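See below for the structure under consideration.
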Amino acid sequence: MTLNPKNFIKKCLKAVPYVIALWLSGDLASSTYASILQKPVKPKGATEITKKVNANIKSQLNFADRQDFEDAHRGFLAPLEPVLKTDNGDLPINFSKLAAIVNTPASPSTVNPSLWRSAQLQNIGGLFMVKDGVFQIRGLDIAVMTIIEGKEGIVICDTLTTKENAKTALELYFKVRGKKPVTGIVVSHSHIDHFGGMQGVMQYAEHPTIPVVAPDGFMDEAVSENVLLGNIMARRAQYQFAQVIPIGAAGSVSQGIGPAIPESASIGSSGILKPTIVIKQDGEKQVIDGVTFSFLMAQNTEAPAEMNAYIENYKTMWVAENVNHSLHNIYALRGAKTRDAAAWSDAIDRVEKFVQTTDAEVLITSHFFPTWGKDRINELLEKQRDLYKYLHDQTIRLANEGYTMDGIAEMVTLPDSLGKFWANRGYYGTIKHNVKAIYNFYLGYYSGNPSDLDPLPQEVSGKRYVEYMGGEKKVLNRAKEDFKKGQYRWVAQVLKNVVMANPSNNEAKILLADAYEQLGYQAESAIWRNSYLVGAHELRNGIDKKFYESHRLNTSALFANMPVSDYLDFLSVKLNGMKADKKKITLTLYIIDTKEKFLLILENSVLRYEKGQVSVQPDASLTLDKATLFGIGSGAVTVDQTIAEGKLAIHGDEGKLNDLLSLMDNFDPEPNIVIP
């Protein structure tokens, strides 16, 4: 190995502040020093305490039960292809790390054994025949694509996240079953991993007017979730889904409801198509290419717009994402509207009652492997139904007894009849954060204690806490002792204050990262594990903006189908209210391609609009198409550019549009999370 003196000196100089901080604290161990000089800093192993915690899990659950593994392998036809099919040439996909997880029965010390078992199941991928005429692609995407064979072609149930993944999945099916046209699309709900690949599926459509079926409210909810709060949700999703950390024993092992997606399989573009058929009530039936679907609504459950379906021809019950082989999220860590646990339980109950009236032979979901046989289908439905009702009822009971959100989260545990059923384990949602969500759903964030009514922000309170505890050095010394005792939750809670008070305290950041890492290694929930490990990674290495930029989902096609009114809502939340104080601007918009007009009014530091209205004397009138409006609003193009290209005509004060744009914030796609 040849040493480049200049690079070595640069690294040493860069490390000087870290080394001085550690030297002053008396913690300059050679291993720590080495880790500082290397970028990125590698994960550490499990402590003896973490090893004991994980080993103890093995004695609590029935790991000898192999039924799920039989179900996950059943009907296997072909492995996933090692390439991602794109319009510009194929990209290689390395599935070797997923295969290593599947083929390593003994869980490593750095992974909760229960999560390792779930990860093995989730990472079993390929083309599967559920029964003659019903096929699934699993392991390519966080979601599952189901393919139903009809009279003339195939009906696709959920289209995966991206156009590229959808295309890759269908090409695998065609390779085994022969080329068939797509004759219909059915989308179960409004989360992007179930509709984002629509345009990839449409490439194989019999004709452009094939039926596209979705639940009532689908378009509104799909756009709302991915636009208004898209920036911060995407950032928080980076923690939940952990693309930035490697797949493996010290990194991501699954997504809880899906495999640990290899990098190249998570790059692509997502879009949306407007449904041609909207399902609004239980019992509605649609015949698509000779296949009869009988729908059951599941609104305001796992998604605000969701439905289940019985596929009559194949005696197959499709429960979308309402029933899983995991406890799901009442609250998503990435951020989303809190879900209604009572409505969720009720929706499963209605499915269970409906199944009793049918000859259902198999139950399929949008994320996991199927369940065969009427008795086992009923058991899964009943256990999942009662899981959500139990969490709901016990949370409300304890709230009525005066316990607070955090206290209830420590108190609620599942009885063995629910808790030792494998499909009810918390690989995605957890009892703790779901209980908090249920409390918040009814009572909000406030505990009722006046001390919690107006707390200081964490950057301010962090400094006060550290001062009260005698300064950073004393806090660190205590935290080191508590870390040795395995009190990782407390170390994380305390050191957050030190880092928020002084983000340049690298010793505190390193120890906080170590605590996060051990908590991640112990977590049964894949998304808790991912969140802890990404937090540790960013504390040690900073935010890898280049990585995130290269792995950002292309949602331009989603915006292309967005109503103009929704985009104006988005512009209104970009307005910096204090900058806009005492400003007044009135613009009339004429949107050429949608034949719409809007009156846009800035007044009282609020941007609002009136659809179908115009002003007699606006500051300016704008004539443009929807794409140009979206481009100007996002900053992708300037006003001058669009005028020069003939895409924008302004009558009146040309400067008013730029004045308005100057009052809007441009969101940083990677704001800080673990540091202030």
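The values are calculated or read from the model by the stated rules, or taken from the named source; none is laboratory data. Because the structure is a prediction, the values reported are computed rather than measured. Counting neighbours? That spans all protein chains shown, and the Cβs are built from the backbone with ideal geometry, glycine included.
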* Does residue 184 satisfy being buried (at least 23 other Cβ atoms within 10 Å of the Cβ), touching a Leu at 6+ places or on another chain (Cβ under 7 Å), in the same structural domain as residue 144 (by TED's automatic domain parsing) and modelled with pLDDT of 95 or more? -> no
* To do: Could you check residue 221 against (1) at pLDDT below 95; (2) over 16 Å from the mean Cα position of the chain (by Cα) and say which number it fails?
  => (2)
* Pick from the range 311-328, criterion more than 27 Å from the chain's Cα centre (by Cα) and in a strand (DSSP E or B), ranking: farthest from residue 136 (Cα to Cα) -> 311
* the range 116-146, residues that are charged (D, E, K, R) and under 13 Å from residue 73 (Cβ atoms) -> 138
* Structure fact -> Within the range 376-406, the residues that are surrounded by fewer than 21 Cβ atoms within 10 Å (Cβ to Cβ) and over 25 Å from residue 352 (Cα atoms) are 397, 398, 399, 400, 401, 402, 403, 404, 406
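Within the range 636-676, count every residue that is of a type outside the set (A, V, I, L, M), part of a loop (DSSP other than H, G, I, E, B) and either more than 38 Å from the chain's Cα centre (by Cα) or under 16 Å from residue 602 (Cβ atoms) (or both). Let's see the steps before the verdict.
Start the filter on the range 636-676 by keeping residues that are of a type outside the set (A, V, I, L, M), which leaves 638, 640-642, 645-647, 651-656, 658-659, 662, 665-672, 676.
Subsequent filtering for residues that are part of a loop (DSSP other than H, G, I, E, B) retains 638, 645-647, 653-654, 662, 665-672, 676.
Applying the additional criterion that residues be either more than 38 Å from the chain's Cα centre (by Cα) or under 16 Å from residue 602 (Cβ atoms) (or both) yields 645-646, 653-654, 662, 665.
Summing the residues that are of a type outside the set (A, V, I, L, M), part of a loop (DSSP other than H, G, I, E, B) and either more than 38 Å from the chain's Cα centre (by Cα) or under 16 Å from residue 602 (Cβ atoms) (or both) in the range 636-676 gives 6.
Would you mind stating whether residue 442 is farther than 30 Å from residue 126 by Cα, in contact with a Pro (Cβ under 9 Å, 6 or more places away or on another chain), hydroxyl-bearing (Ser, Thr, Tyr) and not assigned by TED's automatic domain parsing to the domain that holds residue 127? Lay out the reasoning, then the answer.
Details: farther than 30 Å from residue 126 by Cα: yes; in contact with a Pro (Cβ under 9 Å, 6 or more places away or on another chain): no; hydroxyl-bearing (Ser, Thr, Tyr): yes; not assigned by TED's automatic domain parsing to the domain that holds residue 127: yes.
No.
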* Asked: If you check residue 626 against the conditions, is it surrounded by 13 or more Cβ atoms within 10 Å (Cβ to Cβ) and either touching a helix residue (DSSP H, G or I) at 6+ places or on another chain (Cβ under 6 Å) or in contact (Cβ under 8 Å) with a residue 24 or more places away in the chain (or both)?
  -> yes
* To do: Run down 622, 599 and say which single residue is touching an Asp or Glu at 6+ places or on another chain (Cβ under 6 Å) and assigned to a strand (DSSP E or B).
  => 599
* Matching residues, the range 542-560, being assigned to a loop (DSSP other than H, G, I, E, B), crowded, with 16+ Cβ neighbours inside 10 Å and not β-branched (Val, Ile, Thr) -> 544, 553
* Asked: In the range 126-176, how many are surrounded by fewer than 23 Cβ atoms within 10 Å (Cβ to Cβ) and of a type in the set (Gly, Ala, Ser)?
  -> 4
* Options 459, 467: the member that is farther than 26 Å from residue 47 by Cα, under 30 Å from the mean Cα position of the chain (by Cα) and among the acidic types (Asp, Glu) -> 459
